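Take a look at the structure below.
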Amino acid sequence: MKQFGIGQPVRRVEDRRFLTGRGHYLDDIARPRQAQAAMLRSPHAHARIRAVDTAEALAMPGVLAVLTGADLARDGIGTIPCVSAVTNRDGSPMASPPRPAIARDRVRHVGDTVAMVVAETAAIARDAAELIAIDYQPLPAVVDAARAVEPGRPAVWDQHPGNLCFDWEAGDSAAVERAAAGARHRVSLTLVNNRVVANSMEPRGAIGEYDAGEDSYALWSSTQGSHFLRNLLAEHVFQLPENRIRVVTPDVGGGFGMKLFLYPEHVLVLWAAKRVGRPVKWVPDRSDAFLTDTQGRDNLVRLDLALDDQLRFLALSVELTANLGAYLSNFAPEIPTASGAVMYGGVYAIPAIHVAVKGVFTNTVPVDAYRGAGRPEAAYAMERLIDFAARRLGVAPDELRRRNFIKPEAMPYTTQLGLPFDGGDFGRNLADALAAADIAGFPARRAESRARGRYRGLGHAVYIEQSGFPPDEFAELRFDPSGTLTLLMGTQSSGQGHQTAYAQLASEKLGLPLDKIRVLQGDTDAIGFGRGTGGSRSLPVGGAALAHAADKLIAKGKKISAHMLEAAEADIAFEDGAFTIAGTDRNVTIEAVARAAFNPGQLPPGLEPGFAESGHFTPPAPTFPNGCHVCEVEIDPDTGHIEILRYVVVDDFGVVINPLLLRGQVHGGIAQGVGQAMLERTVYDEDSGQLLTGNLTDYAIPHADTLPALEFSYNVVPCRTNPLGVKGAGEAGAIGAPPALVNAVVDALGELGIEHLDMPLTPERLWRAIHDATMRQAA
């Protein structure tokens, strides 16, 4: 095994600069003559804009411009597109209203942008924004997706009465009806997947610059995909060739899906930079992020499961209502449909499945991908349904799962919703996780807790997700004349450790030490192509592109080394960073070959100088990481407080590049999943549409003491759909954690007759549930 190669727990090379304060984030960047911007946000969830008076703000010293929706329209600036349209079940197109960067005639959620101020300093810009007078006519608002489609509810968009964006389906409804009609058992469950705020450590931000001489733009922003933003800005907003827009992403302090998208502020800083003739910078505070960052989840789902007399699953019907918010973010329609809905069925062999999804407009912040993007919602619903059904039918939850798992010998297996599972041993993951959690000793532990007046529960969840999916990704490997290597990658790190993982892959393939490898991401002028980071695609797709480019480099290196060693190319072998004549000890290192590649006199005839290659890789299908989470909790009935006593995870991520990086991704995902399950809930006032949880005082997130030490191990079932055998891992923790924790809590309170509780399981919600159940038992 190579010192730095695949499978080695190499510490992150990027951590040195992060831990010593030498990271380079958006707020560290200052362009020459840079001005500052502030946005004026709507205080209303729904209102007409009758007039905008900017005179007092414009007169304030230090103000360079005050820009409105009318200015935006006059300049012909395009709207922000939705690029993931779905088709209604009747074949008609979905509703796709426009999304201008500044609202002109009507605001549709609290935080909607109504004006932009550009000034010499951020403080002046903020003060001037408060001087802008807006004449609003408040309108009725609707914030709950299920109620938004009821007759008589306010329309977010007049042209779309009823607030329905799309009505989509997958699967075979007739087959489900037939199977359910002959079923011995039928179990139904309705549950909520609560809305959450991403709350990345580093907020979004943007700097726009315009070069009048070149008629070109440059955008610096904390994003998950520079090339994606460039494409949307060029094609949809400014109608320019892509090579006239440069997007640069420095270090990124967390994204979780939320930083993948094109936001109004990206458009506005570029447009304003052209208007004022200076670079324009905008950085939000945390309150601004709550009002403008895309939010996640927010689903209401009903599941109906049919079983035979052996408790084998016959059919599954799912009806899902997804809150999309006031505007369509770039991928909003895809999240509850092609990304999430097709995961219903999970790891189970279900002969008939039908999923119907309604996407609904409300007067709330737009919803889009958040860590897992539809897959956590599906896994939570499925794993709660399995536990609920098991308790209703009098069988242990793990036994019901075992009876219905897709077996390893059935792989490859195509689900009823069309997903091609290439491998997996779900029973092994479950058995290993339950054994590690000492399920045999749980009854004694439960009795001990009960003797102290506490409730103890043990819950588990078995998940599968799709990640590392098509289309393609790009990598370029470029040696310089000194023999050091630069990797130019089309993905974008937001804290995952790409610099280390990609360098390890290159070290494995080319035999170079890590200190001779540099990784570049996030600059569209330097990197030819990329699709950014989302859906855990970086290693399965970007890493495979890197490996392909490395193979091409090795092939060229064999030609050069054969010429240098005066041997036949067919006799050259490459291993551990050296080209060797087979059967001899004569060799040249790859660094020596790289230096020779820049000297035409040392090259064979007809070979161009230089030592660089690029590679694309398009996976034929997604990867399907899977695993089992086991959570043990104790609940104080006097306070409703949950203590997580133990948390065990067994995952299958295929081939593991770096166990340390993998562990960190799983830990972070679990923390976010537990946060949603126990603490996090975005609350809008039903009458006014005001965001009631608009800061970290009112919106709870996990703390260091929320979780115990996490026990993590993995089984390796290599993926068959990429040459590395790896499966995506970045989102998995957030997928398995919510159902595992909720199942544990319901298990703990089962003796009180409690069968289901919706997330988040806050102390108040649990205390009330325990109190009400105790009163019912006493009656």
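The values are calculated or read from the model by the stated rules, or taken from the named source; none is laboratory data. What you see is a predicted model; the values in this text were computed from it and never measured. Every residue, glycine among them, receives a Cβ derived from its backbone with ideal geometry; neighbour counts consider all protein chains shown. Remember, those area values only see protein heavy atoms, side chains included, never the ligands or the DNA or RNA. Shrake-Rupley method; radii C 1.70, N 1.55, O 1.52, S 1.80 Å.
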Relative contact order of the stretch 305-352, pairs being alpha-carbon contacts under 8 Å that are 6 or more residues apart, as %: 41
Lys, Arg +1 and Asp, Glu -1 on Cβ, resulting dipole of the stretch 508-627 about Cα centre, debye, nearest 20: 300
Karplus 3J(HN,Hα) series, Hz, for the stretch 281-290 with 6.51 cos²θ - 1.76 cosθ + 1.60 (x for Gly, Pro): 10, 10, 10, x, 9, 5, 5, 5, 5, 4
Centre separation in Å (Cα based) which lies between the stretch 285-325 and the stretch 397-451: 22
Residue-wise HN-Hα coupling along the stretch 579-595, computed from phi with Karplus coefficients 6.51, -1.76, 1.60 (Hz; x: Gly, Pro): 9, 10, 6, 3, x, 10, 9, 7, 7, 9, 6, 5, 5, 5, 5, 4, 5
Among beta bridges that DSSP assigns inside the stretch 290-369, antiparallel share in %, nearest 5: 45
Å² per residue, accessible surface of the chain at 1.4 Å: 37
Accessible area (Å², 1.4 Å probe, nearest 10) - residue 413: 50
Cα gyration tensor shape of the stretch 123-191, rounded if a/c is under 1.5, else prolate or oblate by comparing a/b with b/c: prolate
Residue 717 accessible area, assembled protein chains, probe 1.4 Å, Å²: 40
Heavy-atom accessible area order for 166, 238, largest first, 1.4 Å probe: 238, 166
Amide H within-cut-off set for residue 762, under 5 Å, with H built and near neighbours excluded: none
Other-chain or far-sequence residues with amide H under 5 Å of residue 714's (modelled H): 651
Cα lying deepest toward the dipole's positive end in the stretch 248-302, options 295, 269, 254, charges on Cβ: 269
For the chain, size of Cβ-based charge dipole, Lys and Arg +1, Asp and Glu -1, in debye: 340
Ranked order, 259, 516 - accessible area, probe 1.4 Å, largest first: 516, 259
Debye, to nearest 20: dipole size of the stretch 442-545, +1 on Lys, Arg Cβ, -1 on Asp, Glu Cβ: 1100
Protection proxy ranking of 246-253, 354-361, 525-532 - average other beta-carbon atoms within 10 Å, highest first: 354-361, 246-253, 525-532
Charge dipole of the stretch 401-485 about the Cα centre (unit charges at C-beta), most positive-ward option of 418, 449, 429: 449
Relative contact order computed over the stretch 177-315 (Cα-Cα under 8 Å; 6+ residues apart), in percent: 42
Accessible carbon and sulfur surface of the stretch 611-664 relative to its total accessible area, %, 1.4 Å: 53
Computed accessible area, residue 20, all protein chains, 1.4 angstrom probe, square angstrom: 70
Cut-off under 5 Å, modelled amide H: who pairs with residue 115 long-range: 40
Furthest towards positive pole of dipole, 116, 137, 163, structure part the stretch 52-191, Cβ charges: 163
Sum of -39500 (n - 2.57) over DSSP H runs of 4+, divided by residues of the chain (222 nm, nearest 500): -8000 deg cm²/dmol
Note, ³J(HN,Hα) from phi for the stretch 264-275, Karplus 6.51, -1.76, 1.60, rounded to Hz, x at Gly and Pro: x, 5, 4, 5, 5, 5, 5, 4, 5, 4, 5, 5
Accessible surface of the stretch 512-585, 1.4 Å probe, proportion on carbon and sulfur as whole %: 47
Value of relative contact order over the chain, rounded to a whole percent, pairs C-alpha under 8 Å and six or more apart: 15
Estimated FRET transfer efficiency (residue 589, residue 87; beta-carbon r; R0 41 Å; 0.05): 0.15
